[in-house]
Amino acid sequence: MKNTIRQVFHSPKFVGGFVIFVAILLTMFIYPLFNPGNPLQQIGVGTFAKPGTYVSLYDATKTTPETFRLPEADENRLAASLSDEDRVAMVEYFTAMGIDISDLDTGDTDTLLQMWEDNYDPSVRPKGMTGARVNYFKRLNNSLQDLKGGDTIIIAEEGEDGALVESKSISTTDYVRTGAVANVKTLPLGTDNFGRDVLKELVSATGTSIGIGLLAGIVATLIGLTFGLLAGYLGGFVDDFIMFITNIFTVIPGFVLLILISYSIGQEQRGAAVVATVIGLTGWTWTARSVRSQVISLRNRDHVNLSKLSGHSLLRIILTDILPYIASYVVMAFILQVSSGILAEAQLSLLGLGPRTTEVPTLGLMMNWAMLYSAHTNGSWWAYFPVILVITLISFSLNLMNTGLDQVFNPTLRD
């Protein structure tokens, strides 16, 4: 046993896959200790907040600011406030005014603003421009002047007579430490379409999907192992009957059967355990056929015949004389079943046939939510790309481990 384990952990492919999978598991267990709470809790009112650190504006105004005169502050402020739409509109204005813009780069904020400063005239209305468009350019110019002017922002409160009085002013040179602000929230992966922390949701969904894969793998492997052992060892009518059932499940596409069963169960009854069981019940056929072929090659070995002559029971012969010889193959089949179970859940959830959405997130459900709310078309990559990456890493690590085991236990693949 020790020698076998030593051989397994000397396989670079198995070790690589094992390290990736363990790293995923450690993240799954450790991260909730630092960020506890319900992963489905809605913390944002808007949808698809971008990744970053968010500071409470209300609390920031209660802090004591420090004055800094950073040389690039005004330029950075203007560049951040000037949207792509505004930049295109400025080019439109220059074109309408007959200004040469052949060498203009809209990404060069300094040059763009300088051209605007030199050429914009609110009293001139370009030929063919509507009044609404003229007013848009006036508002744009006013906003740019306000940003450049360094005007203070007045925070007002209502006095006893109902009039607004100044309580505090904020200058463009005022800065506060994030550590001094009472409420600061860091969202490494932003929020999803429901305003939920994507990273917390992703960690929880990873654990749920791995759990579904493990349960589905156990169910499929046990069924396939049992049928394969009985069919391969007993042969005859038992073999024909089990293979008949196996062939029926093989002829019907497994995923189509999975869809039909999941649809017939209903949304309210589809918990994570139910979905995992359904996946396992429809994914055992190739394990049964493979185990059967392995057992057929073993059932007439000398040690098995000796056990038969000794009067040992069927159960003992299978468990002690046959199963240990195919144990490595069963482990590899189980790893593949786990990987297949995780991918099957993701496919089902993308079709809206996964676990019910009110309890726990899964990787497939996160993909489904991102697709329904068009995250892939509005540029909200953080809502779906990390999910794809995690699914890929899990499948890659499991298949890498399986390849490493195959190289250790399959003589034809050894160096």
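The values are calculated or read from the model by the stated rules, or taken from the named source; none is laboratory data. For clarity, every value in this text was computed on a predicted model and none was experimentally measured. Neighbour counts are summed over all protein chains in view; Cβ atoms, including those assigned to glycine, are modelled from backbone coordinates with ideal geometry.
Put simply, of 257, 225, 215 the only residue that is at pLDDT 90 or above and farther than 17 Å from residue 329 by Cβ is 215. Quick one: is residue 15 farther than 26 Å from residue 361 by Cβ and either in contact (Cβ under 8 Å) with a residue 60 or more places away in the chain or assigned to a strand (DSSP E or B) (or both)? Spelling it out, residue 15 is indeed farther than 26 Å from residue 361 by Cβ and either in contact (Cβ under 8 Å) with a residue 60 or more places away in the chain or assigned to a strand (DSSP E or B) (or both). The criterion of at least 2 residues that are among the small types (Gly, Ala, Ser) and within 27 Å of residue 387 (Cα to Cα) is met, among helices (runs of 4 or more DSSP H) falling completely within the range 209-300, by 254-265, 272-281. Total residues in the range 204-249 satisfying the condition of being over 30 Å from the mean Cα position of the chain (by Cα) and either on the phi > 0 side of the Ramachandran plot or of a type in the set (Gly, Ala, Ser) (or both): the figure is 6.
Kindly check whether there is at least one residue in the range 66-81 that is surrounded by 11 or more Cβ atoms within 10 Å (Cβ to Cβ), assigned by TED's automatic domain parsing to the domain that holds residue 109 and of a type in the set (S, T, N, Q). Yes, that holds for at least one residue.
Table: residues versus (1) modelled with pLDDT under 85; (2) surrounded by 13 or more Cβ atoms within 10 Å (Cβ to Cβ); (3) farther than 30 Å from residue 144 by Cβ.
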site	(1), (2), (3)
4	yes, no, yes
10	yes, no, yes
20	no, yes, yes
28	no, yes, yes
41	no, no, yes
45	yes, no, no
51	no, yes, no
100	yes, no, no
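Of all residues in the range 241-252, those that are under 10 Å from residue 227 (Cβ atoms) have Cβ atoms under 6 Å from Cβ atoms of residues that are part of a helix (DSSP H, G or I) and of a type outside the set (Phe, Trp, Tyr), 6 or more apart or on another chain, in 242/231; 246/285; 246/288.
Checked against (1) outside any helix (DSSP H, G or I); (2) within 42 Å of the chain's Cα centre (by Cα), residue 311 passes all but a single condition, namely (2).
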